[in-house]
Amino acid sequence: MLSLDYSKLLILAVVIAIVLFWPPKNKSFHRRGIDPGFLNLKVWPARIWFLLRGRNIVEQAYLQEKDAPYLLQSLNEDSLVLPPKYLPELRMLPGGKLSASEALVTSVLGQHSGVDVVLKDRQHYDIARVQLMRSLPTLVPILSAKVDSILSETLAACSTADFTHVKIKEIVSALVLRTTLLTFVGPELCENTELQWLVEEFTNIVRDMAIFLLFIPKFLRPVLWPVLPPTARMKRLHERVRRILFPKTEKNVKSSRDFPTVIDHFVATSEIVDEKEIVAKFLVLMAGALHTTKMSTSHAIIDLCASPECVDELRNEALAENLNDLPWHLDQVSCLKKLDSFLKESQRFNPPNYLSFDRIATSTFTLQDGTAIPKGTFISMAAGPMAMDPGYYEDAQTFSATRFCKTDESAVESGAEKSQWAHEFVSTESGNIHWGHGRFTCPGRWYASAVMKVVIAQILRKYEVKFPEGQRERLPNVYLDLIVEPNPKQVVRFRARE
Ligand code: HEM
């Protein structure tokens with residue numbers, strides 16, 4: 001009798017918990033894709049549909065009703081996709097109304113994998129925006145020398161006689177991982193293969209943890225995450241990274257360096273140096289920097305192969321700016337205007353993500369046209385379709401490498417805004433939210449742009465780069481939900497120039 005009462009109480013408690021904690025559905029917006037329905041009972045069909053058709057749903061919605069907001073059940077969150085007309089109003093809203101970091105954490109379910117360390121303060125953002133940017137004049141020549149040595153090593157088999165086939169993913173991974181680590185941890189540790197493996201593994205564990213959590217109702221996640229297998233893996237990973245970055249036998253590695261690393265900046269800007277917290281922030285910042293830079297660099301090299309008519313002009317610009325093939329300097333890199341424009345166009349065609357400008361409404365607020373945004377709403381905008389919108393870019397479907405560096409009036413008409421920086425890869429014009437937009441725009445974009453320009457300029461100077469025999473166009477990108485990745489099967493041929 002007593003045990004029966006307990007079981008009834010348990011059922012009642014579960015029902016109350018479900019009713020109390022199930023997210024309320026926002027009924028005031030039209031929905032695209034599959035509605036997860038009452039009590040989210042159809043959330044899995046909605047998620048799977050999104051996984052397979054996310055890009056098409058976003059594209060169709062933009063073509064049919066560009067100015068209408070709509071709800072879309074993504075893999076994790078129910079997102080409110082807002083039209084670009086709201087961008088001027090939303091872009092500078094403060095953290096008290098919109099938070100980009102909270103959106104980042106929510107999108108990878110990072111509350112349980114330690115990604116939420118970015119919500120503690122703005123240290124990671126400020127270091128990328130301020131210290132890293134200030135270091136660029138010192139860093140660029142050092143990174144340039146590193147790019148050369150990685151290229152010589154990974155393309156050692158390459159001669160002036162024959163083309164060598166290389167998987168784009170492999171060469172770009174080596175270039176981006178080792179240069180980013182050089183910046184973050186310095187010349188000794190950047191070649192530590194254990195650390196190289198650990199920083200890549202971090203992203204895998206965050207992904208695995210998110211997948212596990214998707215199968216667990218929200219209200220049970222705080223109870224169950226500590227016993228999930230990825231949690232133990234993540235704990236061990238943090239410990240191993242800490243032992244490498246902060247060894248107990250203190251040897252003064254800093255003394256042999258010409259520049260302060262990102263880890264040095266974390267230490268210098270911490271009121272109290274908490275090694276565990278620095279490791280957590282280091283891993284998140286590395287992960288953000290690595291994936292995006294790898295994808296963009298791969299797309300750019302593939303676009304060089306797809307647009308052989310651009311190569312001579314881009315190469316001549318690189319040769320003219322750096323006559324003697326010495327390590328690149330920041331002021332020389334800044335003069336590579338045609339390369340800037342080429343990279344912008346490559347990004348326009350291959351955006352990092354089909355949705356961008358991810359934000360969480362941190363309080364309820366009303367837009368000027370009366371649209372109410374409830375607290376907790378996950379907001380995004382259709383970055384992919386915006387980039388192909390003829391309203392923003394003339395002849396939008398054509399890849400035009402010089403689109404952003406034309407000096408005549410047509411540059412303005414074709415999407416580049418009338419500013420002396422409009423050609424720059426890091427600039428954002430109407431229609432471009434690939435670096436985000438407004439108050440929280442990517443703070444690492446100057447760094448990413450400098451590294452990518454050095455990589456592409458050195459490839460142009462030293463190698464001929466082509467698709468395999470018979471291939472004329474890019475292999476189609478891979479679209480998984482809204483992530484846009486270069487085709488992993490893409491191989492390119494390199495031949496050393498005389
Ligand atoms: C091609 C490479 C990159 C792309 C396309 C990219 C793109 C983005 C985008 C779209 C955002 C969100 C901005 C917004 O919503 O307004 C972002 C945020 C951010 N990015 Fe980048 N990024 C790149 C490279 C980097 C690098 C190399 C670093 C660091 C060195 C970096 C550090 C950050 C940080 C700290 C944030 C803010 C995260 C937060 O809100 O807590 N990014 N990036």
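A few remarks follow.
- Scanning the range 442-487 for residues that are in contact with a strand residue (DSSP E or B) (Cβ under 7 Å, 6 or more places away or on another chain) and over 27 Å from residue 136 (Cβ atoms) returns 464, 466, 467, 468, 477, 478, 482, 483, 484, 485, 487.
- Taken over the range 96-136, the criterion of being in a loop (DSSP other than H, G, I, E, B) and either within 10 Å of the ligand (Cβ to nearest atom) or buried (at least 19 other Cβ atoms within 10 Å of the Cβ) (or both) is satisfied by 108, 109, 113, 114, 122.
- Residue in the range 457-467 that is of a type in the set (Ser, Thr, Tyr), modelled with pLDDT under 95 and not in a helix (DSSP H, G or I) present: no
- Index of the failed condition, residue 167 passing every other in (1) touching a helix residue (DSSP H, G or I) at 6+ places or on another chain (Cβ under 7 Å); (2) more than 16 Å from the ligand (Cβ to nearest atom); (3) under 19 Å from residue 452 (Cα atoms): (1)
- Condition check for residue 92: modelled with pLDDT of 95 or more, aliphatic (A, V, I, L, M) and either within 11 Å of the ligand (Cβ to nearest atom) or surrounded by fewer than 16 Cβ atoms within 10 Å (Cβ to Cβ) (or both): no
The values are calculated or read from the model by the stated rules, or taken from the named source; none is laboratory data. The shown structure was predicted, so the numbers you read here are calculated from the model rather than taken from an experiment. Quick reminder, even Gly has a Cβ in these numbers, built from the backbone with ideal geometry, and neighbours come from all protein chains shown.
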